[in-house]
1. Being under 12 Å from T58 (Cβ atoms) and among the aliphatic types (A, V, I, L, M) is the filter; apply it to segment 79-106 and report the residue that is surrounded by the fewest Cβ atoms within 10 Å (Cβ to Cβ).
2. What number of residues within segment 62-106 are more than 13 Å from the chain's Cα centre (by Cα), closer than 15 Å to T38 by Cβ and outside any loop (DSSP other than H, G, I, E, B)?
3. Just name the residue that is nearest to the chain's Cα centre (by Cα) out of those in segment 47-61 that are modelled with pLDDT of 85 or more and more than 16 Å from S34 (Cβ to Cβ).
4. Taking segment 56-72, which residues are surrounded by fewer than 18 Cβ atoms within 10 Å (Cβ to Cβ) and touching a Ser or Thr at 6+ places or on another chain (Cβ under 8 Å)?
Amino acid sequence: MAARHWLPLVVVVGGALAVTGAEAAAKKKAKGPSPIATGCTYVQAPMCFGLITSKKATYSLWNTNPWVPPGTAIDVWGTSTGPGPCGATSIQVTSWKPSKAIKCKA
């Protein structure tokens, strides 16, 4: 008698696992990629504007649009392009947004 109830049980459990996996994949996709750097911006005169310190590393930001004011906490997405003219690793910025995770000194 129990043998004929196993097939519907397998179908129900398999369907529940498929729905749970699809929901998890949708949430992960909606989250998007992680930022390449998070930190506070500052200026290094005369030519380096938009430098960011992140986890004890310094990056120079290129093509930030719109411009990022100094002293702003930001999350940055983009591509690391290697050493730059500012003595720091350059990031070609594709997008940025203000960060709520950190506070910058005024």
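The values are calculated or read from the model by the stated rules, or taken from the named source; none is laboratory data. These numbers were taken from a predicted model, which means no experiment stands behind them. As a convention, Cβ positions derive from the backbone with ideal geometry for all residues, glycine included, and neighbour counts pool all protein chains shown.
1. Applying the filter and picking the extreme gives A88.
2. Selection size over segment 62-106: 4.
3. In this case the residue turns out to be L61.
4. A57, T58, W62, P69, P70, G71, T72 - these are the residues of segment 56-72 that are surrounded by fewer than 18 Cβ atoms within 10 Å (Cβ to Cβ) and touching a Ser or Thr at 6+ places or on another chain (Cβ under 8 Å).
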